[in-house]
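Read-outs: derived from the displayed coordinates by stated rules, not from any lab. The shown structure was predicted, so the numbers you read here are calculated from the model rather than taken from an experiment. Every residue, glycine as well, gets a Cβ built from its backbone with ideal geometry; the counts of neighbours run over all protein chains shown.
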Amino acid sequence: MTIAADIKNVLLVDDDMNIRTLAQMGLEGLTDWKVELAASGAEAIAKATELKPDLIILDVMMPGMDGPTTLGELRKIETLQGIPVIFMTAKAQTHELELYQKMGAKGIITKPFDPMSLPDDIQGILSKG
């Protein structure tokens, strides 16, 4: 079980450059985490395979390969199966949250998010187990 205290490297995946920048500034500014960025599902899989991050934050809606599809592909790679994944989405409805958790996501962060509270939001999700 990974808790935020064990996190050193985070892979943040979002097709929106502004969201990637905001989240990275919040996370790196308020924690000692190193945040690696990816703009697509395919890039996320390549970087995750190489980096083996402690946490993946994954946008739900991306062109090409969306977040749920990306998560499915990540889970096929044995060395990445234990990495906690948190989805980020502007449209978090209860039935979707349940579906994402069944897929193996730890939780959801809704957009827009507050970069100043993002580390606490992540800690809260991961501490639920």
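A few points about this structure:
- Boolean, P63 is touching a residue at least 40 places away in the same chain (Cβ under 8 Å), over 19 Å from F113 (Cα atoms) and either touching a helix residue (DSSP H, G or I) at 6+ places or on another chain (Cβ under 9 Å) or outside any helix (DSSP H, G or I) (or both): yes
- Selection of region 68-92 for residues being farther than 14 Å from A48 by Cβ and assigned to a loop (DSSP other than H, G, I, E, B) yields A90, K91, A92.
- Any hit, region 1-20, residues being crowded, with 16+ Cβ neighbours inside 10 Å, assigned to a helix (DSSP H, G or I) and either touching a Ser or Thr at 6+ places or on another chain (Cβ under 7 Å) or at positive phi (or both): no
- Residue in region 41-51 that is farther than 15 Å from P112 by Cα, touching a Pro at 6+ places or on another chain (Cβ under 7 Å), touching a residue at least 12 places away in the same chain (Cβ under 8 Å) and of a type in the set (A, V, I, L, M) present: no
- Some residue of region 93-110 being assigned to a helix (DSSP H, G or I), touching an Asp or Glu at 6+ places or on another chain (Cβ under 7 Å) and surrounded by 17 or more Cβ atoms within 10 Å (Cβ to Cβ): no
- Among the residues of region 114-129, the ones that are farther than 16 Å from V85 by Cβ and of a type in the set (D, E) come to 2 in all.
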